[in-house]
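Student: Below is a structure I'd like to ask you about.
All of the numbers you see were taken from the coordinates with simple rules; none came from a lab. Since the model is a prediction, treat every value here as computed from it, not as a measurement.
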Amino acid sequence: STTVHMADLGPVGAIDAAVRAWRDAISAAAGIATAAAAQATGGLEMELFGTAATLPPHSPTKASSNVAATGAALKALILDPVMPHLESATRLVVCPDGKLSQLPFAALPTEAGGGRYLLDDFTVTQLGTARDLLRSVARAQGGLHTDCTPAVVVSTPNFDLEPEGGSRPSLGGVAARLRKLGVHFQPMDMSQSCKEIASLLRGTELTGAEACETNFRTLSSPSVLHIATHAFSVPTPGRPADAGDSRHSAVAAQLGVQSPLLRSGLALAGGNTALGGGSLPFCAGDGLLTGQRAT
């Protein structure tokens with residue numbers, strides 16, 4: 001029999017802060033290593049956005065100690081509560097959520113000072129969703145159809161489907177955010193090149209009105225999936241605004257969009273129609289396929 005163990009990792013706020021601190025320490029150490037390499041080769045200055053800037057003094061020892069200290073703090077929060085339950089395990093399958101999805105788990109230290117890491121003791125596999133684990137188990141047991149279907153080429157969606165007497169999609173979630181940003185997907189014509197690709201792959205094409213959300217989501221394990229369309233990404237809320245991007249960052253912060261899977265995706269048939277308030281056939285959805293829907 002299999003025993004299920006649960007470990008309470010504590011408040012998410014403390015974990016998120018520890019993840020951020022460790023990542024920042026690693027980034028700082030990487031920057032110092034770059035500076036050290038430049039100084040070692042006599043390159044004491046570098047061009048930053050067209051302006052000559054002298055590299056700051058660096059301290060590799062201090063940077064390494066920061067990585068070790070923040071790594072130890074993170075280890076205490078997310079590894080120490082779990083380690084007693086692993087016993088003789090040699091493989092870890094991790095399905096992280098939130099800020100934990102930004103971690104390279106295999107690089108987490110398992111000893112003070114960073115002398116040993118998780119990859120030294122385990123084969124670490126990270127999955128985007130626990131469903132992937134169930135699929136792999138089903139395949140291993142012969143309970144999941146593993147044969148691939150023919151290749152599919154999705155190209156040149158008709159973003160401007162004529163409004164019809166179907167349903168008017170509710171512009172919630174990312175669609176509302178894109179409309180507030182004034183997004184409009186420009187037409188694209190890659191039909192000829194994609195037709196040639198489909199011919200080479202001996203696959204099928206989804207173009208025009210057929211390049212819609214329902215047809216896309218009902219695809220079943222194509223041997224090759226080639227997609228030629230526009231993508232979108234709403235900036236992370238609270239991110240310092242880049243030059244020329246302050247409006248987008250302000251909108252993202254106001255709307256509180258957090259998950260990258262909800263902030264990004266692909267434009268499909270009817271995307272502009274939905275953003276313009278028009279009605280679409282059921283199969284078109286809201287003309288947008290977010291990363292969350294695609295998983």
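Student: Return the long-range amide H neighbours of residue 270 (sequence gap of 5 or more, or a different chain), with a cut-off of under 5 Å between placed amide H atoms.
Tutor: Under 5 Å from the amide H of residue 270: 158, 159, 160, 161.
Student: Given H placed 1.01 Å from N in the peptide plane, which residues other than close sequence neighbours of residue 95 have an amide H under 5 Å from its amide H?
Tutor: For residue 95, whose amide H was placed from the backbone, the distant partners under 5 Å are 127.
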